[in-house]
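Peer 1: Encoded as structure tokens, here's the structure I'll be asking about.
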Amino acid sequence: MTNNQIMFFIFSAVIVIFSILTVTSRRILRAATFLLFVLVSTAGLYFMLRFNFLAAIQLTLYAGGIVVLIIFSILLTSQVGAKLELPGLSKKIYALIAAAAGAALCIWTILQYNFPRTSIESGRTSIDDIGKALTSTGKYGYALPFEVISILLLAAMIGSIVIAKKRKD
Amino acid sequence: MFEGVPLNWFLITATLMFFIGIYGFLVRKNLITMLMSLELILNSVNINFVAFNKLLYPQHLEGMFFTVFIIAVAAAEASVAIAIIINIYRRLVNIDVENMNEMKN
Amino acid sequence: MINFGYTVWIVLIPLFLFILIGFFGHKFKPIVSGIIGTSGLFASMAISYFTAYQYFFVLPKVGETFVKVIGFETTWLRFTEKLVIHLGVLLDPISVMMLIVITTVSFMVHLYSIGYMEGEKGYMRFFSFLSLFSFSMLGLVVATNIFQMYIFWELVGVSSYLLIGFYYTKDTAVAASKKAFIVTRFADLGFLIGILLLSFNTGTFDFITLTDPKGAAIAQGSGIMFLGLSTMTWSMIFIFMGGAGKSAMFPLHIWLPDAMEGPTPVSALIHAATMVVAGVYLVARLFPIFHFSAPVALDVVMYVGAFSSIFAAVIACTQFDIKRVLAYSTMSQIGMMMFALGVSGYGEEAGLGFMASMFHLFTHAFFKALLFLGAGAIIHAVHSNYMNEMGGLRKHLPITHITFLIACLAIAGIPPLAGFFSKDEILAASHQKAMWIFILGLIISGLTAFYMFRLYFSIFWGKDQHYHHTPHEAPKVMTIPLMLLSLGAIFAGLLPFSSFVTSDGKPFASHIDMAIAIPAVLVGVIGALTAMVFYRKETNIPEKISGFLGGFYRAAFRKFYIDEIYLFITRKIIFNYVSRPIAWFDRHIVDGSMNGISYVTNEVSGRIKGLQSGQLQTYAWVFVTGAVALALTFIYLWTN
Amino acid sequence: MASTNIYDNFVTSLTQSIHNGLYSSMSPTWALITELAIIGFVFLMFYALVGLFLVYAERKVCAFMQNRVGPNRVGKYGIFQTIADFIKLLMKELVVIKNSDKLLFTLAPFIIIIASFMAVAAIPFAKGLHAIDFDIGILYVIAVSSLGVVGVLLAGWSSNNKYSLIGAMRSGAQIISYELSVGMSLLTIVILAGTMQFSEIVQGQEFGWFIFKGHIPAVIAFLIFLIASTAETNRGPFDLAEAESELTAGFHTEYSGIKFAFFFLAEYMNMFLVASIGATIFLGGWMPFHVSGWIGFNQVMDYIPPTFWYLGKTGFIIFLMMWFKWTFPRLRIDQLLTLEWKYLLPINLFNILLMAFIVLMGWHF
């Protein structure tokens, strides 16, 4: 086992275990904390793959932004001692069947398929390349999606302010 | 080729995460936990994108940019969703998805 | 060549005025919008006069003939290579003459309205509508093609509708405006059909191409036959239908008397001098086609014109509402113009009727506008429309009295006033055509003189009525237009009209035939004297005569029951026997099938609505299992 | 011109020899693990030392500001006071709270500590003396330090105490808001430096620190950074999350003993962290003070070891922050948010544009 493999196993074990805890924990804030661990481990995977920029984005936006947002809303909507209602057994079973069948199908397919092995060795992605790609308009340029996403974020920001604002009536 | 770790491993991790998210989405009643399940699903997709990008087409950056955009969309989605959830909470004083049936009938 | 591009401003100035007053009028004091409108129209009028001067005197004639000039043209719509619609300014003798008539009368009416409408609610609305109307009417007369004419034709209809219904709080005004609009719209349907037939037959909308006697449009012949008449004839009959609607020819005249519900200046402008002559103008505009390709249609024009004329003249003798008398008089005069066109030939001397018709149009505009404005001044003073509530007004309204008298003399055809000359030409033209129509013309002249002087004497002479408050003369701003117009009524006839406006553009010298002029004047004088005997002092002769005529009088008084017949046809016949069955079919068959469908939908959805539980997670579950099942099916189970 | 600092080779050769020694004596996996352990140990020790020193420094500065003597009993000038306090804290009872979420209650201080710990890893103490040298160093620091707020929120909520909850909410709102300003003021300098890598940023300040090189916008950015980082570390005058007069002690009211010590330590570590980032970004990090052309002067400056330069600059900023704390009155929560969203953020955005413009025109030094 190489170092990479060990690290990968640690990260993916954290991801899987804490994912399961996220969806089964009966204390909602714990679920959110476990989600944080999952997301941080995902960032670890990105670091492993030398996508440093992406990993930092993942940490800032997901771990630092979305999870904090979720925790905030939890603080606003639930009490400390409260435990989540247990789902009904039949519901659980049905969901489990659907998820397990899907997972089995996908994993089976993945294992069946022989992915080509690329021979090109790549170093880390330089931040310059990312910046240039993000602002160029040619092929492999992402200026348009970048603009679109900016507008989307603006719209979402205004929209959520308007929705969450207290009405005067 | 990322030394020692084949693509399949990433994909399997992502698949597990994805279906755990699906399971959570199906059984959780609380809207916020459903939202967290959704984040899991999105995240697993991101892992797939990144792994495909790095391990199959390392000379390009498409997967990475897709992930960046997905993260941005997820942020937008989460903010709007939470605004809605808080509004619902103000109205119904709980956020169970099964109680949201005022439009029924 | 002279550049006539500036003529487009004649049309555009009123449009700008409309926009300016219509959108920003409420920002000014009311009077300001009146002044703006009037001065704008004055500018337009000045340009018109300048145009006329340049066109008739400066522009070189080609072979003794006035040529048709496109002053300005722009492409409005380009449907295909061949189907192109232009907007532009066409200058030829009749359009230039119409420009003068319209801008002059419109200017007078604007000026007059400043005083007449004072203190009315919607003062600036009135002026913006007036400007809109002027714009539409000017656009109509300068149209280079029949499609442009149609556009402005409808615009004229709309602005007329708006102006008739100006007092929109009054039920009668609303009803009248609707009636006018519906009747003219109905007639315009004919016009549109005519346009389509005509353009289909000739392949062009353009007036210059259409009316060239040696051009392809006329030479191409008359198209296939239908019901014994050629397509060309049918198309011209249909077009004439549109013209008859606008010009209030029998049987589409019923809107005109009701249109008197509008403010009096509007009646003067629209229902006397300009809009109602649009039909005449239309026939004149297409005259070569009528003459060469559709003589039957020209006969139709003649008969309709003659009948409308005598019909209206008879009714006019029995009415008491002064504006209605004037309305029927208008109809009668326009009928005369129509039959003058109908009897006309083409070419210099033969085209006497054409020239006479245009001449009468020209002179009529002055004295009829004068009459209406005078009537407006009287109504303004007395606050009544009924002449049997008036009398002895000559002492109170001296200026109105004089100008009204001048107008009456002019319309009765007493020399040397304007009406004499034009009417004389019409009679001469009808004399060329046939004896009976000449005699008919004489009768109409007599009746015209009679009812006009009946009006005059009942208002200004007769017994003194007791008024609520003493009538007083209108303000200067109203009497000045009266005086200016009376100048027109006196002197307009002295113009050598035949050297400007003729059927083919080639001037000729007209002369007065004593054999025709003397009977015409005699008839007019007799009519006027009769009216004087009847109405100068209070007598019982009119009652006796109406008693003697009995049923005929009552019928004339009730306008020969035309309105009632229309009502009978629409209410009793169309509503009962056409609309009812259609309504039944709609309600039971069409709606029934729709209701049946909705019933079935309701039932089915009632049965299956349980599936839509509103539970998000159920949906998600179905979605996930469905996706997994589909993937499984298509990837592994259905591989071949 | 390559750096000719006399200490460069010393540091690099030290780290390099440790690295080589480890890899030659055992399998790569174990060598890596050992290396990680060594680095972790070194950092922990460093943490402890810095913490102890800063607590003492704060008390002394506070006393100085208030015209008092400050700690003076334990050791000469009371320098062992903090150690005594520390021992006392270790020996205190860990109070167990009823009806609280014990897992999260225990986890919260660790999250805060780990966040600052991860951030410090990217800070260069001298040439080659840093744990990781990311190419996205600044972004990384911003990213990991943003995790700390989760610990604050968890601590406040799991204490099952309304003061703690209110404190946590305030603190969360404050940290999230001021993170923007911190990040943007750093980005202003990133524009000037043209890189996000800490080592390159420091290298770029060889002939003038960025606060001088970028003149107007850099000074504005530095001021904003000072304000925002003070706020982000929950220190006075922005310490309303733990405003003792209103909320007893905010989100860590219910903590006692070593857990409380963690929070206490984390606060000082965060302060140290932001100060060292500020020193690195604006004041040249471990780079000696050079004036271009003054060769003799530069030589003299070079003799001072880079780590001392670094610590000196960081200490200067820390002193500034302490000064703030003991001289300014506390803000209200709405004033706090107004300051960020209505003043700092617009100024910051404009400042970035200004900096971009200046860099484009080449108007910087």
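The values are calculated or read from the model by the stated rules, or taken from the named source; none is laboratory data. Keep in mind it's a predicted model, so treat the numbers as computed, not measured. A quick note on method: Cβ atoms are made from the backbone with ideal geometry, for glycine too, and the neighbour counts reach across all protein chains shown. Surface accessibility is based on the protein's heavy atoms, side chains included, excluding ligands, DNA and RNA. Shrake-Rupley method; radii C 1.70, N 1.55, O 1.52, S 1.80 Å.
Peer 1: Lysines near C:Lys179 by alpha-carbon distance under 28 Å, same-chain residues fewer than 8 away left out - which ones?
Peer 2: C:Lys121, C:Lys170, C:Lys246, C:Lys323, C:Lys368, C:Lys559, C:Lys572
Peer 1: Relative contact order (percent) for the stretch D:31-89, with alpha-carbon contacts under 8 angstrom and 6 or more residues of separation?
Peer 2: Here the relative contact order equals 22 percent.
Peer 1: For D:Ile79 and D:Lys102, what is the calculated FRET efficiency with R₀ set at 35 Å and r taken between the beta-carbons, to the nearest 0.05?
Peer 2: Working from the Cβ atoms, E equals 0.40.
Peer 1: Where does the charge balance sit around C:Ile414 when Lys and Arg score +1, Asp and Glu -1, over other residues with C-beta under 13 Å from its C-beta?
Peer 2: The answer is 0.
Peer 1: With the cut-off at 1.5 for a/c, could you classify the stretch C:465-539 from its C-alpha gyration tensor as rounded, prolate or oblate?
Peer 2: Oblate, because a/c is 1.5 or more while a/b does not exceed b/c.
Peer 1: For the stretch B:7-96, just list the percent of Cα-Cα distances falling in each 10 Å bin from zero outward, please.
Peer 2: 18, 37, 28, 13, 4, 0
Peer 1: I need the P(r) histogram for chain D: all alpha carbon pairs, bin width 10 Å from 0 out to the longest distance, whole percents.
Peer 2: Result, from short to long distances: 5, 22, 31, 26, 13, 3, 0 percent.
Peer 1: Just to be sure I understand: if I project the alpha-carbon convex hull of chain A onto a plane and average over all orientations, what area do I get in nm²?
Peer 2: For chain A, the mean projected area of the Cα convex hull comes to 15.6 nm².
Peer 1: Taking 0.36 nm per residue of sequence separation and subtracting the Cα-Cα distance, how much length would be gained by fully extending the chain between C:Tyr49 and C:Lys395, in nm to one decimal?
Peer 2: 120.9 nm
Peer 1: Quick check: with the 1.4 Å probe, what order do C:Tyr161, B:Tyr57 take by accessible area, largest first?
Peer 2: Sorted by accessible area, descending: B:Tyr57, C:Tyr161.
Peer 1: Could you derive backbone 3J(HN,Hα) for the stretch C:329-335 from the dihedral phi with the Karplus parameters 6.51, -1.76 and 1.60 (θ = phi - 60°), listing whole Hz in sequence and x where the residue is Gly or Pro?
Peer 2: Couplings: 4, 4, 4, 5, 5, 5, x Hz.
Peer 1: Taking the Cα-to-Cβ direction at A:Ile17 and at C:Phe491 and moving 7 Å from each Cα, how far apart do the two end points lie in nm?
Peer 2: Those two pseudo-labels are separated by 11.5 nm.
Peer 1: Could you pull out which residues in the stretch C:489-504 have an amide N less than 16 Å from a spot 7 Å beyond the Cα of C:Ala515, following the Cα-Cβ vector?
Peer 2: none
Peer 1: If one takes the longest principal axis of the Cα atoms in chain D, at what angle in degrees, from 0 to 90 and to the nearest 10, does the Cα axis of helix D:306-327 lie?
Peer 2: For D:306-327 against chain D, the angle is about 40 degrees.
Peer 1: Restricting the calculation to Cα positions, tell me the Rg (one decimal) and the Dmax (whole number) of the protein assembly as shown in Å.
Peer 2: Over the protein assembly as shown's Cα set, Rg and Dmax evaluate to 49.5, 148 Å.
Peer 1: Right, here's the next one. Using alpha carbons only, how many angstrom separate the centre of the stretch B:34-61 from the centre of the stretch C:357-404?
Peer 2: Going from one Cα centre to the other spans 91 Å.
Peer 1: Determine, from the Cβ-Cβ distance of C:Ser579 and C:Val174 and an R0 of 22 Å, the FRET efficiency 1/(1 + (r/R0)^6), rounded to the nearest 0.05.
Peer 2: 0.45
Peer 1: Mind giving me the nanometre distance, one decimal, between the label points for C:Val533 and D:Arg330, set 7 Å out from Cα along Cα→Cβ?
Peer 2: Distance between the two pseudo-spin positions: 11.8 nm.
Peer 1: Could you rank the peptides D:108-116, C:357-365, C:91-99 by their average count of other C-beta atoms within 10 Å per residue, with the highest value first?
Peer 2: Result, highest mean first: C:357-365, C:91-99, D:108-116.
Peer 1: Let me ask something else about it. Looking only at Cα atoms, what is the convex hull volume of the stretch A:1-95 per residue, in Å³?
Peer 2: That works out to 112 Å³ per residue.
Peer 1: Restricting attention to the stretch C:481-550, which trypsin sites (Lys or Arg not before Pro) occupy a DSSP loop and are surrounded by at most 14 other Cβ atoms within 10 Å?
Peer 2: C:Lys537
Peer 1: Moving on to the next point. Kirkwood Rh over Cα pairs of the stretch A:125-169 into Stokes-Einstein at 25 °C, 0.890 mPa s: D in µm²/s?
Peer 2: For these conditions, the coefficient is 195 µm²/s.
Peer 1: Still on this structure: Test of the criteria: in the stretch C:414-514, which trypsin sites (Lys or Arg not before Pro) are in a DSSP loop and have at most 16 other Cβ atoms within 10 angstrom of their Cβ?
Peer 2: Sites meeting the loop and neighbour criteria: C:Lys463.
Peer 1: When Lys and Arg each count +1 and Asp and Glu each count -1, what net charge do the other residues less than 15 Å away from D:Ser185, Cβ to Cβ, add up to?
Peer 2: Combined, the nearby Lys, Arg, Asp and Glu give -3.
Peer 1: Calculate the mean, over all residues of peptide D:155-164, of how many other protein chain Cβ atoms lie within 10 angstrom of the residue's Cβ.
Peer 2: Partner-chain Cβ atoms within 10 Å, mean over residues of D:155-164: 2.
Peer 1: Let me ask something else about it. Under 9 Å from the Cβ of C:Trp461, count the other residues' Cβ atoms, weight Lys and Arg +1, Asp and Glu -1, and hand me the total.
Peer 2: +4
Peer 1: Carbon and sulfur: what percent of the stretch A:1-95's accessible surface (1.4 Å probe)?
Peer 2: 70
Peer 1: Pairs of Cα atoms under 8 Å, at least six residues apart: use those to get the relative contact order of chain C, whole percent.
Peer 2: 12
Peer 1: Compute the semi-axes of the equivalent ellipsoid of the stretch D:31-89, taking the square root of 5 times each eigenvalue of the Cα gyration tensor, and list them largest first in whole Å.
Peer 2: Its equivalent ellipsoid spans semi-axes of 32, 12, 7 Å.
Peer 1: Same structure, new question: Just the number, please: carbon plus sulfur as a percent of the accessible area of the stretch A:125-169, 1.4 Å probe, no ligands or DNA/RNA counted.
Peer 2: The nonpolar share, carbon plus sulfur, comes to 69 percent.
Peer 1: Amide H of C:Leu91: which non-local residues (sequence gap of 5 or more, or other chain) have their own amide H closer than 5 Å, using H built in the peptide plane?
Peer 2: C:Val69, C:Ile70, C:Gly71
Peer 1: In chain B, which GluC sites (Glu not before Pro) fall in coil by DSSP and have 14 or fewer other Cβ atoms within 10 Å?
Peer 2: Listed in order of number, the matching sites are B:Glu3, B:Glu102.
Peer 1: Anyone know which of A:Ile149, A:Ile158, A:Ile15 comes out most mobile in the 10 Å Cα GNM of chain A?
Peer 2: Highest fluctuation of the listed residues: A:Ile158.
Peer 1: Residue separation times 0.36 nm, minus the C-alpha to C-alpha distance between C:Val525 and C:Asp563: what's the value?
Peer 2: Computed gain between C:Val525 and C:Asp563 is 10.3 nm.
Peer 1: Report the C-B buried area as the accessible area lost on both sides summed, probe 1.4 Å, in Å² to the nearest 100.
Peer 2: 800
Peer 1: Given springs between every Cα pair under 10 Å in a Gaussian network model of chain D, which of D:Met321, D:Met118, D:Met26 has the largest fluctuation?
Peer 2: D:Met26
Peer 1: Sticking with this one: Amide H to amide H under 5 Å from D:Gly208: which residues, 5+ apart in sequence or cross-chain, H placed 1.01 Å off N in plane?
Peer 2: The list, which skips near neighbours in sequence, is D:His290.
Peer 1: Alpha carbon centre of the stretch D:26-90 versus the stretch D:334-365: separation in Å?
Peer 2: 36
Peer 1: Taking square-rooted eigenvalues a ≥ b ≥ c of the alpha carbon gyration tensor, is the stretch D:144-195 rounded, prolate or oblate, where a/c under 1.5 means rounded and, failing that, a/b exceeding b/c means prolate?
Peer 2: Judged from the Cα gyration tensor, the stretch D:144-195 comes out prolate (a/c at least 1.5, a/b above b/c).
Peer 1: Further question on the same structure: Percent of Cα-Cα pairs per 20 Å bin, from 0 to the last occupied bin, for chain C, please list those.
Peer 2: Each 20 Å bin holds this share of Cα pairs: 18, 49, 21, 7, 4, 1.
Peer 1: Follow-up question, since we're still on this one. Using 18 Å as the cut-off for backbone N distance, which residues of the stretch C:110-142 belong to the label zone defined by a point 7 Å from the Cα of C:His383 along Cα→Cβ?
Peer 2: Counting only backbone N, you get C:116-121.
Peer 1: Another question, if that's okay. With the crude spin-label approximation of a point 7 Å out along Cα→Cβ, what separation in nm comes out for C:Asp586 versus D:Trp294?
Peer 2: Rounded to a tenth, the inter-label distance reads 9.8 nm.
Peer 1: Still on this structure, please answer the following. Rounded to the nearest 100 Å², what is the sum over both chains of accessible area buried where A meets B, with a probe of 1.4 Å?
Peer 2: 7100
Peer 1: Among D:Lys342, D:Lys102, D:Lys76, which one moves the most in a GNM of chain D with springs linking Cα atoms closer than 10 Å?
Peer 2: Of D:Lys342, D:Lys102, D:Lys76, the Gaussian network model singles out D:Lys76 as fluctuating most.
Peer 1: Further, regarding this structure: Restricting to Cα pairs below 8 Å that are 6+ residues apart, what does the relative contact order work out to for chain D? Please round to a whole percent.
Peer 2: 21
Peer 1: Once Rh for the stretch C:480-598 is found with the Kirkwood sum over Cα pairs, what is the Stokes-Einstein diffusion coefficient at 4 °C and 1.567 mPa s, in µm²/s?
Peer 2: After rounding, the answer is 59 µm²/s.
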